[in-house]
Amino acid sequence: MLQINTEEQALQLEDYQLQLRWLRPQAADAAQKPVIVFLHDSLGCITLWRDFPERLVQQTGCPALVYDRRGYGASSPFSSTQRNPDYLEREADVLEHLLEKLNIPEAILFGHSDGGSIALLAAAKYPQRIKGIITEGAHVFVEELTLAGIRAAVQAYQTTSLPEKLRKYHGAKTDAVFHAWADIWLSDAFRDWNIEGFLSAIRCPALVVQGEADEYGTLAQVEAVVRQVQGQAQKLVIPGIGHTPHREAQELVLAESSRFIQTIR
């Protein structure tokens, strides 16, 4: 089995810190391979990826970087929970800044939900650095199903143990994490949010993954991405699976992601 060195790092970026986890395979050719960068979802963090990043590193031999975006996990708190509709585009800019600071010339992005939308935006805006993208449950426009799912999450946050579960990962930042996501998506200002205009600038290969029973988006999201990107695009729609394919169908997502990465190295 391939040996992997794991290293935790707190990186200063402007006036805040981001928590990073490096996964470096002990292989002679690892340094010549692109880095897989994992972009978590709207309530996620490094820990919530569980063992998926390590398993993908095992299968591909690529090094990987997993990080908590600002406000999440062990990274610095948000400067403000008041988000603008372009907040995901701003996160793509932060990602580019991070990759530049870490001297990562070639990256393959694996993004879940909000992280998938960030991956699409980064590939469109910074094509010189992004060699390929894998998205899971990414959004490129607002759907009523998405809003209904978020309203249900708000209800759960108010009436169940969801805050306590999230507090294990985000600590005192938990309320800010939840409301930063829910408040902007349910706002009037966000109803017209749409990033389809960026898709034609994406020229790298893309693997677009979605559960057929995704409670936060329909397959129209997948079709919009596959139809409009300029690079080679593949879709993986998994029957009976919801919004988290890398947990709900881990073996399939690992196999297809590994196969996809092997074709673009």
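Just so you know, all these numbers are worked out from the coordinates, no wet-lab data involved. Keep in mind it's a predicted model, so treat the numbers as computed, not measured. Reconstructed Cβ throughout: ideal geometry from the backbone, glycine too, with neighbour counts over all protein chains shown.
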The alpha-carbon pair-distance distribution computed for the range 21-78, with 10 angstrom bins and whole-percent values, is 24, 48, 23, 5
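What does the charge count near Phe38 come to, summing +1 for each Lys or Arg and -1 for each Asp or Glu among other residues with Cβ under 14 Å from its Cβ?
On the way: positive: Arg21, Arg50, Arg55, Arg69, Arg247; negative: Asp41, Asp51, Glu54, Asp68, Glu91, Asp114, Glu136.
With Lys, Arg at +1 and Asp, Glu at -1, the neighbours total -2.
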Binned at 5 Å from zero, the C-alpha pair distances of the range 48-157 give percents of 2, 10, 17, 22, 22, 15, 7, 4, 0
Quick shape check on the range 188-241: root eigenvalues a ≥ b ≥ c of the Cα gyration tensor, a/c under 1.5 is rounded, otherwise prolate if a/b tops b/c, else oblate, and it reads oblate
Taking a crude spin-label model, label points 7 Å out from Cα along the C-beta direction, the Val142 to Ala156 distance in nm is 2.2
In a Gaussian network model of the chain with springs linking alpha carbons closer than 10 Å, the residue among Glu144, Glu14, Glu89 that fluctuates most is Glu14
Checked the chain against the a/c 1.5 cut and the a/b vs b/c comparison, axes a ≥ b ≥ c from its Cα gyration tensor; verdict rounded
From the Cα centre of the range 4-55 to that of the range 87-151, the distance in Å is 15
Per the helix-only model, the chain has a calculated mean residue ellipticity at 222 nm (DSSP H runs of ≥4, -39500 (n - 2.57) each, divided over all residues, rounded to the nearest 500) of -12000 deg cm²/dmol
If every Lys and Arg gets +1 and every Asp and Glu gets -1 at its Cβ, then about the Cα centre the range 117-265 yields a dipole, in debye to the nearest 20, of 740
Charge dipole of the chain built from unit charges on the beta carbon (Lys, Arg +1; Asp, Glu -1), centred at mean Cα; most positive-end Cα among Gln58, Val226, Tyr87 is Gln58
Note: the range 163-224, point scatterers on Cα, Debye, no solvent; log10 I/I(0) at q = 0.29 Å⁻¹ equals -1.12
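For the range 76-170, state which trypsin sites (Lys or Arg not before Pro) are in a DSSP loop and have at most 13 other beta carbons lying within 10 Å of their beta carbon. Write down the numbers at each step before the final one.
Numbers: sites: Arg83, Arg90, Lys101, Lys125, Arg129, Lys131, Arg151, Lys165, Arg167, Lys168; in loops: Arg83, Arg129.
Here no loop site has a sparse enough neighbourhood.
Once R0 is set to 25 Å, what does the formula 1/(1 + (r/R0)^6) return for the Cβ-Cβ distance between Ala27 and Ala201, expressed as a FRET efficiency to the nearest 0.05? The partial results should precede the final answer.
Numbers: r = 34 Å, r/R0 = 1.34.
According to the calculation, E is roughly 0.15.
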Checked the range 175-265 against the a/c 1.5 cut and the a/b vs b/c comparison, axes a ≥ b ≥ c from its Cα gyration tensor; verdict oblate
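Taking the Cβ-Cβ separation of Glu164 and Thr218 as r and a Förster radius of 45 Å, what is the calculated FRET efficiency to the nearest 0.05? Kindly include the intermediate steps, with their values, before the conclusion.
On the way: r = 31 Å, r/R0 = 0.69.
So the FRET efficiency works out to roughly 0.90.
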For the pair Gln234 and Leu252, the simple spin-label estimate (label points 7 Å beyond Cα toward Cβ) gives in nm 1.5
